[in-house]
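Here the structure is laid out as structure tokens; the discussion comes afterwards.
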Amino acid sequence: GGSVDDLRPLFPNITEDGGKSMSGVVVSSYLPTGSCPILTIDGPMNSGKSTFLDTVRTLCDLVNGLDARAELPTKPEDLLTIADSHHVLSFANLSGISKEMRDALCRVPTGAARQCRRLYRQGVLHTLRARNPVILNGITPGVERDDLVSRSVFVELQIIDDAKRIKEVTFRHSLQAALPRALGASFDAVARALRDYNQTTLRPSHRLEDASAFATAAEPALGYPDGSIVSAWLASQRAIRDKLSGS
């Protein structure tokens, strides 16, 4: 009987489209095959980006402590090593992303492999493999290249008014109270998507087609109009392209 929107009161600084984008990312993080989206959280200081990241990560892949706010590694092989231990990869407080790591982040949600010689062994090959959803946050996450933009869903948070700001411990208690119903609603939506997404078609097609079909198939269970999640995703990409072209 719950809803993913039960979490919306905890984030008064997110738009309606932002909420739909978030719900679609949560559902599509359970996509069994195909490319997963990269969720990029943007916003100024004091907009609650890290707390929002924690919440989305909790709905997709339960973690303990501050694992959700990890630092982005500098080497692709380290990224794949981290991917081997988690379902969702999340990295916080990004101020920029190198070309090498942008390429690696593009590969991971689709499926990536890296082969190297096993340490201290001649002629023994070691392969790292990954296919993981990714969450990034930062004031300027550094997704300038279109190949990364086209694989991403963007949620921009606004500064939280002082009157609506609460202590983190209060937020945690509220989140724990709302989480069981939100998780139940998410799993209902995933079950609906698993049943129907093979019969779900999208027009026009685009790079996130597998995840978009999965999220669209889940919309009846989420209570969203048909196609509204994909519309929010594509609108977020257009907005970031406009922002980048203007800069």
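The values are calculated or read from the model by the stated rules, or taken from the named source; none is laboratory data. It should be emphasised that the depicted structure is a prediction, and the values quoted were computed from it without experimental measurement. Methodologically, a virtual Cβ is constructed for each residue, glycine included, from the backbone with ideal geometry; neighbour enumeration extends over all protein chains shown. Surface accessibility is based on the protein's heavy atoms, side chains included, excluding ligands, DNA and RNA. Shrake-Rupley method; radii C 1.70, N 1.55, O 1.52, S 1.80 Å.
Side notes on the structure shown:
- Couplings for region 217-230, taken from phi via the Karplus curve 6.51 cos²θ - 1.76 cosθ + 1.60 with θ = phi - 60°, read 5, 7, 4, x, 6, 8, x, 9, x, 4, x, 6, 5, 5 Hz in order; Gly and Pro are left as x.
- Three-way shape call for region 1-79 based on the alpha-carbon gyration tensor, with the a/c threshold at 1.5: oblate
- Net charge, Tyr197 excluded, C-beta distance under 15 Å - Lys, Arg +1, Asp, Glu -1: -4
- Derived scalar couplings between HN and Hα for region 50-55 equal 5, 5, 5, 4, 4, 5 Hz in order, rounded to whole Hz, by the Karplus curve 6.51 cos²θ - 1.76 cosθ + 1.60 (θ = phi - 60°), x for Gly and Pro.
- Solvent-accessible area of Val4 with every protein chain in place, 1.4 Å probe, in Å² to the nearest 10: 10 Å²
- Near the amide H of Gly138, within less than 5 Å, lie the amide hydrogens of Ile41, Gly43, Asn93, Leu94, all on another chain or at least 5 residues away, with H placed in the peptide plane.
- Take every pair of alpha-carbon atoms less than 8 Å apart whose residues are at least six positions apart; their mean separation over the length of the chain yields a relative contact order of 31 percent.
- FRET efficiency for the pair His206 and Asn46, taken as 1/(1 + (r/R0)^6) with r the Cβ-Cβ distance and R0 = 35 Å, rounds to 0.55.
- Close amide H pairs (under 5 Å, H built 1.01 Å from N) link Gly2 with Ala185, residues at least 5 positions away or on another chain.
- In order along region 166-179, the Karplus-derived 3J(HN,Hα) couplings, from 6.51 cos²θ - 1.76 cosθ + 1.60 at θ = phi - 60°, round to 10, 5, 4, 5, 5, 4, 4, 5, 5, 5, 5, 6, 8, 4 Hz, and Gly and Pro are given as x.
- Gyration tensor verdict on region 131-247 (Cα atoms; rounded if a/c is under 1.5, prolate if a/b is larger than b/c, oblate otherwise): oblate
- Full-extension gain in nm, Arg145 to Arg165, via 0.36 nm per residue minus C-alpha separation: 3.8 nm
- Counting lysine pairs in the chain that sit 8 or more residues apart in sequence, or on different chains, and whose Cα atoms lie under 26 Å apart gives 11.
- Distance between modelled label sites at Arg129 and Asp78, nm, 7 Å Cα→Cβ extension: 2.5 nm
- Highest average packing first - 157-167, 178-188, 211-221, 29-39, Cβ atoms within 10 Å: 211-221, 29-39, 178-188, 157-167
- Residues whose amide H lies under 5 Å from that of Val153, counting only those 5 or more places away or on a different chain, are Ile38, Leu39, Thr40; hydrogens are built 1.01 Å from N in the peptide plane.
- Fluctuation leader among Ala92, Ala193, Ala113 - the chain, Gaussian network, Cα springs under 10 angstrom: Ala113
- Overall form of the chain per C-alpha gyration tensor (a/c, 1.5; a/b vs b/c): rounded
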